[in-house]
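Asker: Here it is: the structure, laid out below.
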């Protein structure tokens, strides 16, 4: 019967652990490469859109966005003025002396 010393057992265990870790990293590398290959194949298969169509859609979107921004700014300004007018009516009717110049969204 073969008996092993403590150092032989530890060295054998270390080699098995390194072999296992190496195998895991090799499989992970194969997965990464296969995912990149599939994504490259999918990217090539996508149809190419005409640049003029994209520019036309973007310019139309910008015009609509500017109109919406102006409408939103007007609605917010009207709401603020209405609140200030109701508070000032209670406080003695003093007119608010401010102008809303810019409205920006705060992301929380």
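The values are calculated or read from the model by the stated rules, or taken from the named source; none is laboratory data. These numbers were taken from a predicted model, which means no experiment stands behind them. Quick reminder, even Gly has a Cβ in these numbers, built from the backbone with ideal geometry, and neighbours come from all protein chains shown.
Asker: Is there any pair with a first residue in the stretch 80-108 that is within 29 Å of residue 68 (Cα to Cα) and a second that is surrounded by 10 or more Cβ atoms within 10 Å (Cβ to Cβ) and at pLDDT 70 or above whose Cβ atoms are under 6 Å apart and which are 6 or more apart or on different chains, and what are they?
Answerer: Going by the 6 Å Cβ cut-off, the qualifying pairs are 96/84; 100/77; 103/73; 103/76.
Asker: Inspect the stretch 34-51 for any residue being modelled with pLDDT under 75, within 29 Å of the chain's Cα centre (by Cα) and assigned to a helix (DSSP H, G or I) and give the result as yes or no.
Answerer: Yes: the stretch 34-51 contains one or more residues that are modelled with pLDDT under 75, within 29 Å of the chain's Cα centre (by Cα) and assigned to a helix (DSSP H, G or I).
Asker: Among (1) assigned to a helix (DSSP H, G or I); (2) at pLDDT 80 or above; (3) exposed (fewer than 10 other Cβ atoms within 10 Å of the Cβ), which single condition is residue 3 missing?
Answerer: Condition not satisfied by residue 3: (1).
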